[in-house]
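Chemist: Please see the structure below; I have some questions.
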Amino acid sequence: MAKLINMKSIVAIVAIIVIGGATLESTEAAVHVVGDALGWQNALPNSTYYANWAAARNFTIGDTLIFNFATGVHNVATVRLDDFSDCDTDSDDNIDLINSGPANITLTTSGMQYYICAFPGHCLTGQKLAINVVAATTPSTPSPPSTPTPSTPPPPGTTNTSTPSPPGTTNTSAPSPPGTTITPSSPPPPIADSATSVAANVALMTLMSVAMAFV
């Protein structure tokens with residue numbers, strides 16, 4: 001019994017660890033270093049470098065983008081789609097502009113987000129980034145595995161003496177003790193014919209009348 005309780009405890013603890021680890025992994029915000037080792041700078045000769053970098057990653061609300069650049073050499077501006085497509089660096093159209101590097105931007109809105117370097121000519125060389133941000137999802141918590149309860153064996157020395165009846169039959173009569181003989185009951189005496197009984201009664205009455213006449 002003690003071993004069974006210990007096994008149940010171990011199963012429950014393992015289930016809690018697995019469930020907790022899966023929930024923590026799925027809800028923990030990610031940090032993305034834009035461009036990895038290249039950082040945030042001119043992308044020539046590969047002008048699609050940042051587009052390829054973003055295509056290989058998933059971005060979720062709560063994640064953080066880190067733009068590594070030297071202050072005074074680059075910056076990062078959050079812009080609209082039109083300004084992103086046209087590389088419009090007009091500061092009046094920028095949603096947000098960060099001039100000090102490195103810059104950390106936390107993703108707070110789902111949908112497409114657009115970033116460019118607002119230094120003249122840098123966006124045209126491919127220093128621009130577009131990402132699709134999705135809402136964080138909370139995974140459903142799986143139920144812990146159930147532990148089967150073993151059946152209790154019968155006490156030692158006991159034997160199941162009940163004899164099952166054949167399928168489809170019901171035995172309701174009690175068996176006779178061994179060595180006994182069943183004697184059939186005697187049939188009732190035959191009932192006399194009604195006409196014979198009437199004749200006998202008439203004859204008896206006649207005899208009694210004759211006898212009384214001689215008295």
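Chemist: For N160, work out the one condition from (1) at pLDDT below 65; (2) open to solvent by less than 80 Å² (accessible area, probe 1.4 Å) it doesn't fulfil.
Modeler: Checking N160 against (1) at pLDDT below 65; (2) open to solvent by less than 80 Å² (accessible area, probe 1.4 Å), the one that fails is (2).
Chemist: At least 1 residues that are at pLDDT 95 or above in each: list the helices (runs of 4 or more DSSP H) lying fully within region 1-95 that qualify.
Modeler: Result: 49-55, 81-86.
Chemist: Count, please, the residues in region 31-45 that happen to be within 21 Å of I61 (Cα to Cα) and surrounded by 13 or more Cβ atoms within 10 Å (Cβ to Cβ).
Modeler: 4
Chemist: N58 - would you say it is touching a residue at least 24 places away in the same chain (Cβ under 8 Å), among the polar types (S, T, N, Q) and open to solvent by 80 Å² or more (accessible area, probe 1.4 Å)?
Modeler: yes
A quick yes/no check of all residues on (1) among the hydrophobic types (A, V, I, L, M, F, W, C); (2) within 50 Å of the chain's Cα centre (by Cα):
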residue: F69; (1), (2): yes, yes
residue: R80; (1), (2): no, yes
residue: C87; (1), (2): yes, yes
residue: D92; (1), (2): no, no
residue: I95; (1), (2): yes, yes
residue: I98; (1), (2): yes, yes
residue: P102; (1), (2): no, yes
residue: I105; (1), (2): yes, yes
residue: T108; (1), (2): no, yes
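The values are calculated or read from the model by the stated rules, or taken from the named source; none is laboratory data. On a predicted model such as this, the values are computed, not experimentally measured, just so you know. Note that we place each Cβ from the backbone using ideal geometry, even for glycine, and neighbour counts take in every protein chain shown. Just the protein is used for accessible areas: all its heavy atoms, side chains included, with ligands, DNA and RNA removed. Shrake-Rupley method; radii C 1.70, N 1.55, O 1.52, S 1.80 Å.
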